[in-house]
1. Go over the candidates 416, 408, 421, 471 one by one and state the one that is modelled with pLDDT of 95 or more and either touching a strand residue (DSSP E or B) at 6+ places or on another chain (Cβ under 6 Å) or more than 30 Å from residue 123 (Cβ to Cβ) (or both).
2. Of all the residues that make up the stretch 3-26, how many are assigned to a loop (DSSP other than H, G, I, E, B), in contact with a helix residue (DSSP H, G or I) (Cβ under 6 Å, 6 or more places away or on another chain) and in contact (Cβ under 8 Å) with a residue 60 or more places away in the chain?
3. Go through the stretch 89-116 and give me each residue that's closer than 21 Å to residue 228 by Cα and touching a residue at least 24 places away in the same chain (Cβ under 8 Å).
4. Condition check: within 21 Å of residue 369 (Cα to Cα), in contact with a helix residue (DSSP H, G or I) (Cβ under 6 Å, 6 or more places away or on another chain) and surrounded by 19 or more Cβ atoms within 10 Å (Cβ to Cβ). Does residue 255 satisfy that?
5. Of everything in the stretch 182-192 that's within 19 Å of residue 225 (Cβ to Cβ) and in a loop (DSSP other than H, G, I, E, B), which residue is modelled with the highest pLDDT?
6. Out of 21, 105, 28, report the one residue that is modelled with pLDDT of 90 or more and closer than 23 Å to residue 3 by Cα.
7. Can you tell which of 469, 411 is without any contact (Cβ under 8 Å) to a residue 24 or more places away in the chain, in a helix (DSSP H, G or I) and assigned by TED's automatic domain parsing to the domain that holds residue 347?
């Protein structure tokens, strides 16, 4: 049952709430926020919203940058990271217009909503269920310096192998390189932190499947959540990142979703499991199909693989993303699909056997993406594959049920790979984005703005000397 304003006002009285905090998402996928005294949350705000200048959020200019934020009451949750008792809510953004305000078509949440409506209009499905896996690193401390005389970064954690000889708090229980997967106490020094994260996520209405230490011995973690509606999980992804960062800070450490914060260590992705249902029945299940997947599922995979390169510009939108997408670290580098093959972009989990859990995962995304745009783009690519009946097997994309890293160099050349840089992914998006604009889901001006902003990032970073360049070229 949807919450009413009276429900929220009762919640405010019950918890002694003094401030209501509204969280808005900018173009890059960062939360920004504005706050009001709790007594100002009235019916007028629900009808007319709160005005703000949307031009500061990174979106492409529109004819009217004066916008209003309208809270989503069902998202209300007590935000314990604020000292003053605070109730937090997300919401939707509308452009001020006559006779009525209209949804701002570039706002991330509105793009995701439109993608789901488009799916329903096509009659293919009425629900997309997804399940993201959140991978991140936790460090005891971090620092970086980007100035004319210094370009450097520093991280430290006492569980890392390098701490064995130097850390004053060393207890001898370091994790050797690449052996962190499911490691136990006392090496797993962040176990209680992850448990607190999971309990808080549950308080925020985000059911957790499990948590564990990941491969990276220098503090890599994973929290995986249960499958849920795409829009709800996009909201949950924003909340999960907020919770993880704030729980880390509250416990005297720091967490990062950077895909590759450490050279030579495992990278952090955000694998996305997905399936479609219609009238409560699975669209992706066929007991006679390869991996028990239906023809619609194979076509959806075909769409993902057909647009894999351009998708990367949205699902992997940082220069650091492409330091993760390299061979040798269980990261996907091959445009292909298979069962239980972690080097392929699309992996079909063998353990998902029942009709309503039969699914596959897209392994290349990482958490530097804007989740609303990323999940919407994934859906649009899959829908395009179903509409065009793109058969991934006929296209030569698999199934690759063998270790792709073991192929000869000659055989590897025959297999397509993901972009090797952000600039290459942006080139692909410029050339291949019509599937995103179908049904008015992604506005053209939003895509142009996204490309322009990310090209600026790539060009800026490419001009900065790298410490490795000193080691290779200083004496030449």
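The values are calculated or read from the model by the stated rules, or taken from the named source; none is laboratory data. Keep in mind that what you see is a predicted model, and the values were worked out from it rather than measured. A quick note on method: Cβ atoms are made from the backbone with ideal geometry, for glycine too, and the neighbour counts reach across all protein chains shown.
1. 421 is the lone residue from the list that is modelled with pLDDT of 95 or more and either touching a strand residue (DSSP E or B) at 6+ places or on another chain (Cβ under 6 Å) or more than 30 Å from residue 123 (Cβ to Cβ) (or both).
2. Within the stretch 3-26, residues that are assigned to a loop (DSSP other than H, G, I, E, B), in contact with a helix residue (DSSP H, G or I) (Cβ under 6 Å, 6 or more places away or on another chain) and in contact (Cβ under 8 Å) with a residue 60 or more places away in the chain number 3.
3. Hits for the stretch 89-116 are 89, 90, 91, 108, 109, 111, 112, 113, 114, 115, 116.
4. yes
5. Looking at the filtered set, the residue picked out is 190.
6. Step by step, each of 21, 105, 28 is checked, and only 21 is modelled with pLDDT of 90 or more and closer than 23 Å to residue 3 by Cα.
7. On inspection, the qualifying residue turns out to be 411.
Matching residues to (1) assigned to a loop (DSSP other than H, G, I, E, B); (2) modelled with pLDDT under 95; (3) not assigned by TED's automatic domain parsing to the domain that holds residue 254:
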residue: 146; (1), (2), (3): no, yes, no
residue: 155; (1), (2), (3): no, yes, no
residue: 166; (1), (2), (3): yes, yes, no
residue: 171; (1), (2), (3): yes, yes, no
residue: 176; (1), (2), (3): yes, yes, no
residue: 194; (1), (2), (3): no, no, no
